[in-house]
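This report refers to the structure that appears directly beneath it.
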Amino acid sequence: MRSGLRLPRRRTLSILGMGIAATGLEPADSHAADPWNLDISYVGGAQAEARWTVAEEFPGTKLILNARHSLRTEAAQASERACDCGPPSTRRKIRGTIGTHLQWGKGELGLEYGVLSLTWRATQRDYAPVEGSFRADRDTLEWGVLRLGKDDPLGIDSYAELTLARGSRTWAYSLRDSPWRFSFGFSFSAGYAWAESTEEAFRDVSNMIIGTWGKGTISRRRWGSMYIEQRIANGWTFSSPARGGTVSREALARFGYTANLRGCLDLEVFAEKRSFNFTDPILVDLYTKSKRIGVELNCTFREG
């Protein structure tokens, strides 16, 4: 399925980013560092080169718009701790997180890949950092995550995914008196997906899904961050594999480097591969993939 929104023109994005900073919003870490930090909002634009698509008209230069914002965040009442063991934490309740990822091609192709996501509600716990130890950095629990999209380069006419619940945890390790920081996050989700391929044999496919999402980051103050991530939504059924019918599998792997430029602005260089697979006990499997390599300019912020 499609993933990603990006802003067509960097100059427009720069003006937008500076306008956001001027409204009293506090700059935040790049969204590339932790995709489950829903307290962070961002808007960004990118230019990328695409390859490995299903038809000759889809490779080439792409313009991308990427954005996310939570409509309401509020501090949650802290629970009493039985002991002073472990770092203190803060909790927030988050409502109505909206995200989008759009990709435009050249000429008459127009919008060829797009995703719109909505998270109904979430709770997030952020732990105080402790240098010299590997500890939990953030816990996020999301309820009712809806994703809608289409992906012409992968031959996906439409895709809908309803995640009932998604739980994520990020761990971090900071060296004492050192600018280096290491983090690793993992997410697990469960829900249902509906997919329609442009191939007649794989239309109206629906199945339950189990999702996994892992991300590792190495960062150094003033140098920036490098990260690698993989996200998979595996379809499955209660039936025997010989009778369960067609199931879908969506996957994304991405590597990137992010550096802060000024204020809320971050520059990111990335390479990613996304794929979609239909598996059937009788038909020949259908596998499609696409690669993008590009540069993105983001403004990340949180309410101050």
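Through the Karplus equation 6.51 cos²θ - 1.76 cosθ + 1.60, θ set to phi - 60°, convert the phi angles of the range 191-208 into ³J(HN,Hα) values in whole Hz; use x for Gly and Pro.
x, 9, 9, 10, 9, 10, 7, 6, 7, 4, 5, 10, 9, 6, 8, 9, 6, 6
Have a look at the range 103-219 and give its Rg and Dmax from the Cα atoms, expressed in angstrom.
In order Rg, Dmax, the Cα atoms of the range 103-219 give 18.9, 60 Å.
Can you grab the distance from the C-alpha centre of the range 269-304 to the C-alpha centre of the range 193-228, Å, no decimals?
So the separation of the two Cα centres works out to 6 Å.
Work out, step by step, the length gained on full extension between residue 188 and residue 230: first 0.36 nm times the residue separation, then minus their alpha carbon distance; give nm to one decimal. Could the numbers behind the result be given before it?
Details: separation 42, 0.36 × 42 = 15.12 nm, distance 1.22 nm.
In short, 13.9 nm is gained.
For the range 279-304, list residues with backbone N below 19 Å from a point placed 7 Å from the Cα of residue 261 toward its Cβ?
What the label zone holds, given the 19 Å backbone N cut-off, is 293-302.
Report the FRET efficiency, 1/(1 + (r/R0)^6), for residue 91 and residue 162, where r is their Cβ-Cβ distance and R0 is 30 Å, rounded to 0.05.
Calculated transfer efficiency: 0.70.
Considering only the other residues whose Cβ falls under 9 Å of the Cβ of residue 161, what net charge follows from Lys and Arg at +1 and Asp and Glu at -1?
On the way: positive: 147; negative: 250.
Its environment carries a net charge of 0.
Each value in this text was obtained by applying a stated rule to the coordinates, not by laboratory testing. Note that this is a predicted model, so its numbers are computed, not measured. Neighbour counts run over all protein chains shown; Cβ positions are idealised from the backbone, glycine included.
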